[in-house]
């Protein structure tokens with residue numbers, strides 16, 4: 001058995017403390033009871049026994065909408081179906097774009113991919129790469145010529161950027177709505193290896209593996225982070241919390257374990273980040289420390305990209321910016337595509 005030195009043990013506990021605070025801060029801001037229960041009989045890092053998985057050469061579902069001249073790929077995150085998340089955008093733009101709503105495997109009630117072999121680093125981006133490969137295959141199948149990829153939240157944003165980085169000749173532009181470029185895990189800048197080890201060795205096995213469903217739900221974002229409309233935010237929270245934890249968790253901590261900013265110097269495709277400016281109601285609810293955190297997660301996250309990404313912050317909008325401010329998002333997307 002491999003032993004751990006006292007120094008490494010202290011470092012591991014320090015890492016875990018920082019990462020636990022990272023997860024916990026959103027819930028603290030809600031002024032509700034923050035649950036931190038763990039259950040060693042639970043393993044959220046694998047599917048439950050008997051779970052039927054999606055073949056890795058397939059994806060959740062693909063739906064075609066509209067008939068406009070510009071081809072667009074829509075990819076939703078946070079466990080949700082793309083046709084539902086982008087329903088208003090699809091309705092508003094059916095004459096401008098031909099849209100392919102792609103729901104990721106494990107999202108929107110579809111089956112997830114099989115878990116990779118034990119010991120596979122989350123920084124390997126196993127599920128992200130499966131999704132990326134299938135999306136590229138769908139582009140070929142449907143003969144898409146230079147589509148615009150529009151994403152929402154963290155996982156689709158990383159998938160879209162990786163396609164743009166590896167196949168710039170195939171993509172016209174990326175529009176990341178409410179996206180998170182890279183998760184801030186510590187006050188200092190982490191090396192890729194430090195980031196990887198923080199997730200692989202500490203956060204995944206020591207925390208996420210055994211958290212209860214109650215703990216998971218209570219530490220998710222407040223409704224107003226998702227939407228400036230409280231009713232819509234509650235609906236989104238309920239839908240996200242209904243997704244099986246392993247399906248959300250695998251994508252999420254792959255994203256956390258990977259720092260795409262180290263590759264952005266190679267980015268040749270135009271990228272627009274439409275960031276949420278959030279609402280006064282949310283600012284009033286959240287204490288100062290947590291206020292900095294959600295703004296760090298969704299606005300400041302784009303700072304490392306520099307002039308490689310055009311960032312527009314939309315006021316009175318949550319992560320689902322296109323649902324809170326549809327006319328503004330429609331305008332921003334159209335202007336960016338035409339540039």
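Out of all Cα-Cα pairs in the chain, roughly what percent, to the nearest whole number, are more than 39 Å apart?
Numbers: 5390 of 57291 pairs.
Counting pairs separated by more than 39 Å, the tail of P(r) holds 9 percent.
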Any idea how far apart residue 120 and residue 42 come out in nm if each label point goes 7 Å out from Cα toward Cβ?
2.3 nm
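Return the percentage of antiparallel bridges among DSSP beta bridges fully within the chain, rounded to the nearest 5 %. Don't jump to the answer; show the numbers that get you there.
Values: 6 of 30 bridges.
The antiparallel proportion sits near 20 percent.
What ratio of Cα Rg to 2.2 N^0.38 Å holds for segment 267-319? Don't skip to the answer; put the middle values down first.
Working: Rg = 12.4 Å, N = 53, 2.2 N^0.38 = 9.9 Å.
For segment 267-319, the normalised Cα radius of gyration is 1.25.
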Explain nothing, just the number: relative contact order of the chain, from Cα pairs under 8 Å at least 6 residues apart, as a whole percent.
23 percent
Beyond 14 Å, what share of the Cα-Cα pairs of segment 29-110 is found? Please give it as a whole percent.
71 percent
For helix 326-338, report the angle its Cα long axis makes with the longest principal axis of the Cα atoms of the chain; keep it between 0 and 90° and round to the nearest 10°.
70 degrees
To the nearest 10 degrees, how steep is helix 154-166 against the longest Cα principal axis of the chain, on a 0 to 90 scale?
60 degrees
Given the options 126, 40, 151, which has the most mean-square fluctuation in a GNM of the chain, springs set between C-alpha atoms less than 10 angstrom apart?
40
Radius of gyration, Dmax [segment 190-295; alpha carbons; angstrom]:
16.4, 43
Compute the semi-axes of the equivalent ellipsoid of segment 236-309, taking the square root of 5 times each eigenvalue of the Cα gyration tensor, and list them largest first in whole Å.
25, 21, 12
What is the Cα radius of gyration of segment 58-99 over 2.2 N^0.38 Å, N being its residue count?
1.13
Nearest 10, in degrees from 0 to 90: the angle of helix 288-298 to the longest Cα principal axis of the chain is 50 degrees
Mean projected area, convex hull of alpha-carbon positions in segment 139-228, reported to one decimal in nm², is 8.9 nm²
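When only Cα pairs under 8 Å and 6 or more residues apart are kept, what is the percent relative contact order across segment 147-258? Before the final figure, lay out the partial values.
On the way: 93 pairs, mean separation 33.0, N = 112.
Once normalised by length, the contact order is 29 percent.
Taken together, the values in this text are just the output of simple stated rules run on the coordinates, not laboratory data. Source: prediction; values computed, not measured. When we count neighbours, we look across all protein chains shown, and the Cβ atoms used for this are built from the backbone with ideal geometry, even at glycine.
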